[in-house]
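The structure appears right after this line, and notes come after that.
The values are calculated or read from the model by the stated rules, or taken from the named source; none is laboratory data. Note that the structure is predicted; figures quoted are calculated from it, not measured. Methodologically, a virtual Cβ is constructed for each residue, glycine included, from the backbone with ideal geometry; neighbour enumeration extends over all protein chains shown. Surface areas here come from the heavy atoms of the whole protein model, side chains and all, with no ligands, DNA or RNA. Shrake-Rupley method; radii C 1.70, N 1.55, O 1.52, S 1.80 Å.
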Amino acid sequence: MKKLVVTALSVVLSTGLLAGCGSGNEPAEATSAGEAKMKEIQISVRESTWGARKDNFIEAEKRLNEELKADNIHVKIDWWPGIGDDELILQAQAGKVADIFMNSSVDIGWELNAGIIRDVDWVKDSKVFKNVPDSYTNIMKYDGHYYGAIQDMDASPVFISRKALEGLSWTKEQIDGLRQRVDSGDFTFGDLEKLAEEAKQKSLVKMGFAVEDTRFEGWNYAFGNYNYNVDENKMVLTKKTKDVYDFWADAVKRGIINESIGDVDTDKAAPMFVKGEIFAEFARTEFYQMMREANGMQNDLEGFNTWFNENIVWIPIPSAEKGGKPVSYSNPAMIYVGPTVDDEKMPYVQRLIEHVLDPDLQINHTLVSGKLPVTPEAQEDKRFKEMDFYKDHAYLLEFTKTRPAQPDYATYTKSYILGVDAILTKGQSAEQAYELFQKDAKQNVPSDHLIIEQ
């Protein structure tokens, strides 16, 4: 392993990825003829061009500098190239850590252990987050401190073929009332499973279920399998996993799920779903945008909304229990601050990040990325209210869960997927899958990071 790290670091150095990446912590002083010296503060930001992220930082820089004019201070962003997680660690080992960068909310634990981030406890009192749901607060906190500022958000609707439901003799009133039945707990995950089976049997669709994320959080949550204790910051090995494996085995037997389910990512699923080949697609908010692209309607929002309403109905993920609450999951992006940002520089870093989260800039990102804004103030934007799909399903965020930032989550999930794969490809029973999962999790997740329910 040491040899691998040294080799990878050598490649980074030889390709010049570290070149020009100064710490950005040394305030400079700029002067102009006939003007007093202006204090310049450089803030290094790792580039993320997805959606409107970079554009929003550029605009935030302008807005912050307007505020700082009276103090004769000028903030300048020093753009660093965006890189992957392995390179983040390698560059940190070489002492090169940006002041600001973005990553997934699930990355807090290992980033902290790797010395890549520092606490941002100012988030607690920031006016930006004063009205966000408690679930957002939980996302940004880890081990008693805030370590990130949530940048965008999504939920996980289940997109269902309206045409397939019509083929099952469902009326418009029944279809339009389905979401309310899910919200009230009247329509269960099992009911959805039976509909998918019937649609396949009648050749209304080619696939029953397709899923965006092969970690299958939504299906676990539907069965009450949350596998994480936030108070103790530990993974939980629970017997509820057996209930989920029972579903897997039953769904495979019925033909609702087949061996290739993990290979049908959203890039493949979007055109398939648009063609009516999939009964139910378990995806996140941006799948709406992906269907629009698959339809060739990027520049025809009105036309796409008409198509969407005629062909698709969406619901939250139903609970497996009658009378249970629906579920939703997400993997939001977080804005992180590097450990070299000191208390003198932090106020400027904070204010830059807060401007990135100005309501109108959040909506700019929504329009390009298909992600949801994170604050209620942004949802009041006129442009957001005009987008029916986004506006209508924003209530899912009130109960959307995220993956835990616990560093052993990936190892635990790998153990869980072993059980799924045993059912899918080896024809094993739910009991056999559960035994395999337990054995692997106990062997590979540190015992002091694992709660085993009796």
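Would you mind finding the one in GLY84, GLY95, GLY115, GLY109 that is surrounded by fewer than 17 Cβ atoms within 10 Å (Cβ to Cβ), of a type in the set (Gly, Ala, Ser), more than 17 Å from VAL349 (Cα to Cα) and within 21 Å of the chain's Cα centre (by Cα)?
GLY84
Considering each of ASP421, ASP408, ASP392, ASP388 in turn, give the residue that is open to solvent by 10 Å² or more (accessible area, probe 1.4 Å), without any contact (Cβ under 8 Å) to a residue 24 or more places away in the chain and within 22 Å of the chain's Cα centre (by Cα).
ASP392
Pairs only if they're at least six apart or on different chains, beta carbon under 8 angstrom, first in region 62-85 and in a helix (DSSP H, G or I), second open to solvent by less than 50 Å² (accessible area, probe 1.4 Å) and of a type in the set (D, E, K, R); list them, first residue then second.
What qualifies is ARG63/ASP358; ASP85/ASP107.
For (1) part of a helix (DSSP H, G or I); (2) touching a Pro at 6+ places or on another chain (Cβ under 7 Å); (3) under 12 Å from TRP314 (Cβ atoms), each residue gets a yes or a no:
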{"position": "SER156", "(1), (2), (3)": "no, no, yes"}
{"position": "PHE159", "(1), (2), (3)": "no, no, yes"}
{"position": "ALA164", "(1), (2), (3)": "yes, no, no"}
{"position": "TRP170", "(1), (2), (3)": "no, no, no"}
{"position": "GLN174", "(1), (2), (3)": "yes, no, no"}
{"position": "ARG181", "(1), (2), (3)": "yes, no, no"}
{"position": "LYS194", "(1), (2), (3)": "yes, no, no"}
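Within region 399-433, how many residues turn out to be of a type in the set (Asp, Glu), under 30 Å from THR137 (Cβ atoms) and part of a helix (DSSP H, G or I)?
Within region 399-433, residues that are of a type in the set (Asp, Glu), under 30 Å from THR137 (Cβ atoms) and part of a helix (DSSP H, G or I) number 0.
Name the pairs: first residue in region 322-343 and within 10 Å of ASP99 (Cα to Cα), second residue among the basic types (Lys, Arg), Cβ to Cβ under 6 Å, at least 6 apart or on different chains?
VAL337/ARG118; PRO339/ARG118
Do any residues in region 190-211 that are within 18 Å of PHE247 (Cβ to Cβ) have Cβ atoms under 7 Å from those of residues that are buried (at least 22 other Cβ atoms within 10 Å of the Cβ) and of a type in the set (D, E, K, R), where the two are at least six apart or on different chains, and which pairs are they?
The qualifying pairs are ALA210/GLU281.
Among the numbered criteria (1) under 20 Å from LYS426 (Cα atoms); (2) buried (at least 22 other Cβ atoms within 10 Å of the Cβ), which single criterion is violated by GLU217?
Every listed condition holds for GLU217 apart from (1).
ASP231 fails exactly one of the following numbered conditions: (1) more than 28 Å from MET290 (Cβ to Cβ); (2) in contact (Cβ under 8 Å) with a residue 24 or more places away in the chain; (3) surrounded by fewer than 20 Cβ atoms within 10 Å (Cβ to Cβ). What is the number of that condition?
(2)
Please indicate, with yes or no, whether at least one residue in region 364-373 is under 30 Å from THR306 (Cα atoms) and touching a Leu at 6+ places or on another chain (Cβ under 8 Å).
Yes, because at least one residue in region 364-373 is under 30 Å from THR306 (Cα atoms) and touching a Leu at 6+ places or on another chain (Cβ under 8 Å).
I need the full set of residues from region 39-60 which are part of a loop (DSSP other than H, G, I, E, B) and either among the hydrophobic types (A, V, I, L, M, F, W, C) or open to solvent by less than 50 Å² (accessible area, probe 1.4 Å) (or both), in order please.
SER48, TRP50, GLY51, ALA52
Which of the numbered conditions does VAL236 fail, given that it passes all the others? Conditions: (1) assigned to a strand (DSSP E or B); (2) of a type outside the set (Phe, Trp, Tyr); (3) out of contact with any Asp or Glu (no Cβ under 7 Å at 6 or more places or on another chain); (4) surrounded by fewer than 22 Cβ atoms within 10 Å (Cβ to Cβ).
If we test VAL236 against (1) assigned to a strand (DSSP E or B); (2) of a type outside the set (Phe, Trp, Tyr); (3) out of contact with any Asp or Glu (no Cβ under 7 Å at 6 or more places or on another chain); (4) surrounded by fewer than 22 Cβ atoms within 10 Å (Cβ to Cβ), just (3) comes out false.
Could you list, in sequence order, the residues of region 338-381 that are among the hydroxyl-bearing types (Ser, Thr, Tyr) and open to solvent by less than 30 Å² (accessible area, probe 1.4 Å)?
Within region 338-381, THR366, SER369, THR375 meet the criteria.
What's the number of the only condition in (1) open to solvent by 10 Å² or more (accessible area, probe 1.4 Å); (2) modelled with pLDDT under 95 that SER319 fails to meet?
So the condition that SER319 fails would be (2).
I'm told GLY177 meets every condition in (1) open to solvent by 10 Å² or more (accessible area, probe 1.4 Å); (2) under 23 Å from ALA251 (Cβ atoms); (3) among the small types (Gly, Ala, Ser) except one. Can you identify the failing condition by its number?
Tallying (1) open to solvent by 10 Å² or more (accessible area, probe 1.4 Å); (2) under 23 Å from ALA251 (Cβ atoms); (3) among the small types (Gly, Ala, Ser), GLY177 fails exactly one: (2).
Being open to solvent by 10 Å² or more (accessible area, probe 1.4 Å) and among the β-branched types (Val, Ile, Thr) is the filter here; which residues of region 256-279 pass it?
Those that are open to solvent by 10 Å² or more (accessible area, probe 1.4 Å) and among the β-branched types (Val, Ile, Thr): VAL264, THR266, VAL274.
When both residues are 6+ apart or on different chains and their Cβ atoms are under 8 Å apart, which pairs have a first residue that lies in region 32-53 and is more than 16 Å from VAL337 (Cα to Cα) and of a type in the set (A, V, I, L, M, F, W, C), and a second that is open to solvent by less than 30 Å² (accessible area, probe 1.4 Å) and modelled with pLDDT under 90?
Sorted first by the residue in region 32-53, then by its partner, the pairs are TRP50/SER369; ALA52/SER369.
Check region 111-129 and report whether any residue there is among the β-branched types (Val, Ile, Thr) and under 24 Å from TYR288 (Cβ atoms).
No; the residues of region 111-129 include none that is among the β-branched types (Val, Ile, Thr) and under 24 Å from TYR288 (Cβ atoms).
Looking only at residues that are of a type in the set (Lys, Arg) and at pLDDT 90 or above in region 386-429, which one is nearest to ASN227 (Cα to Cα)?
Residue satisfying both the conditions and the ranking: LYS414.
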